[in-house]
Amino acid sequence: MLLFAIIALLAGILYGTSGLSISFLDLLSAQSNSILWVLMVCVGISVGLHHGLLAKIRAYRLRIFVLPLGIIAGSCLGGLVCQLLMQNGLAESLAITGGLGWYSLTGVLVTELSGAHFGSIAFFSNLLRELFSFFSIPLIAKYLNYPTCIAPAGATSEDTTLPMMIRYTNEETVVLSVLNGVLCSLAVPFLLKFYYWLG
Amino acid sequence: MDVILLFFLGALIGKYLFPLHFQPVLEKLLMFFTLCLIFAMGVQLGQRENFFAELSSVGMESLLFFLLPTLGSIFVVYPFSRIVFPNLKKKEEK
């Protein structure tokens, strides 16, 4: 699956840059939202087939916040190290990493507040985070543990990276992943505002 | 928000309507649509104006700004997850 995923990504980039127009592939790439919707229903069905899952998740109570808080703290630490290494502004460094993988929103917000250069870095670094999550999930599931697979995914753990999650972890982790994605996505705009206030 | 709603709609279908013997078909569909989604992401990236030029100018900085926070998240989450979710282990331990 991992190899197929890398091939699909490279083929997509090649097709996009080539300027070719094949109607089926054009339709496929234009309908990425619809594909995501179908995927979400399929992942939901897969989770729904496992009974007693909700009761298990309810039993976690406040422990559910450990994942998003850990992800935010880890990203913030990474941002501080980046700031020390690159000598950029504190606000910009933290804001770029505060996107937690949500590249579209972070790219736009950082461009508005700090200009195109930092906006581009915000876009690409968060995009790389999402792509890395796709490919790291099988390895983290094998060598670390299932909940840690959610860490690189950050805010994307509720949508785009969910299909890899269901393939390489289990249904309980998938539900944790959805909850984490919702909490991280809610936190991103506040984090960015906070980091700019701080810097 | 729409994806969350669709996820829960799917969960309801899975719980009450979906025949269990179609699960292998569902797994194949999941794999197919995941690859389609990754391909579509690649196309959107490739179609971005000045994609390679932009990537070469901010590539190294972007790499650093992606790598350190991502690794930071993994290093913080891993030890805590071992304590908080002891039943969710890695693949071989199951």
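Nothing in this text is a laboratory measurement; each read-out follows from the coordinates by a stated rule. The shown structure was predicted, so the numbers you read here are calculated from the model rather than taken from an experiment. Reconstructed Cβ throughout: ideal geometry from the backbone, glycine too, with neighbour counts over all protein chains shown.
Report the Cα centroid-to-centroid distance between the stretch A:98-112 and the stretch A:10-62 in angstrom, as an integer.
The two parts, judged by their Cα centres, are 21 Å apart.
So, in nm, how far is label A:S104 from label B:E49 when the simple model puts each one 7 Å beyond its Cα toward the Cβ?
It is 1.9 nm.
Quick one: order B:K28, A:K193 by neighbouring beta-carbon count within 10 Å, fewest to most.
B:K28, A:K193
For the stretch A:63-199, what relative contact order do you get, as a whole percent, if you take Cα pairs closer than 8 Å and at least 6 residues apart?
Dividing the mean separation by the residue count of the stretch A:63-199 yields 28 percent.
If each residue's Cβ is checked for other Cβ atoms within 10 Å, how do B:D2, A:D159 rank with the fewest at the top?
B:D2, A:D159
Would you list which aspartates and glutamates come within 18 Å of A:K193, measuring only between C-alpha atoms, while excluding same-chain residues fewer than 8 positions from it?
Straight-line reach from A:K193, under 18 Å: A:E92, A:E112.
GNM on chain A, C-alpha springs below 10 Å: top fluctuator among A:L14, A:L127, A:L100?
Residue with maximal mean-square fluctuation among A:L14, A:L127, A:L100: A:L14.
Do the sum for chain A: with -39,500 (n - 2.57) for every DSSP H run of n ≥ 4, divided by all residues, what is the mean residue ellipticity at 222 nm, to the nearest 500 deg cm²/dmol?
One gets -25500 deg cm²/dmol as the mean residue ellipticity at 222 nm.
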